[in-house]
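Some notes on the structure that comes next.
Just so it is clear, none of the values below were taken in a lab; they were calculated from the coordinates. No experiment lies behind these values; they were computed from the predicted model shown. All Cβ positions, even for glycine, are placed from backbone atoms using ideal geometry, and neighbour counts span all protein chains on display.
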Amino acid sequence: MLPGASVAPGAKVTGGTVLGAGCHVGPDAQVDGSVLFDGAEVGPGAAVRSSAVGRAARIGEGAVLDGVVIGDGARIASGNELARGLRVWPGVEIGPTAIRFSTDA
């Protein structure tokens, strides 16, 4: 964890995760086996697994990322579920619950 990175109470950072300078992991979020570049933010209750999150990118509350790459400055709003292999270009904004790959009906 580089200087200025912070992990809120209840958050879990595991699996060799690397947090860049100024990163923030919100309350009850889970980050496992991932890289968060400088200034990236993971919102409350979000889950980031085996992913790379670019500089100053924002992951919204309750979003789920599994095996994805998020470009610098991208915004992933709350409720999105991004599946393995998905790539989000720098600066792209994905609105609330726009992408879901869950198996629930």
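Quick notes
- Short-range pairs are left out: with C-alpha atoms under 8 Å and at least six residues apart, the relative contact order of region 6-94 is 19 percent.
- Ordered by the number of other Cβ atoms lying within 10 Å of each residue's own Cβ, fewest first, PHE37, PHE101 fall into the sequence PHE101, PHE37.
- Computed extension length for ALA21-GLU93: 23.7 nm, one decimal, from 0.36 nm per residue of separation with the Cα-Cα distance subtracted.
- Loop trypsin sites (Lys or Arg not before Pro), region 1-103 (other Cβ atoms within 10 Å of the site Cβ: 14 or fewer; DSSP): ARG84, ARG100
- Point-charge dipole on Cβ atoms (K/R +1, D/E -1) for the chain, about Cα centre, debye to 20: 160 debye
- Cβ-defined net charge surrounding VAL7, 15 Å radius [Lys, Arg +1; Asp, Glu -1]: -2
- Computed from Cα atoms alone, the Kirkwood hydrodynamic radius reported for the chain is 12.9 Å.
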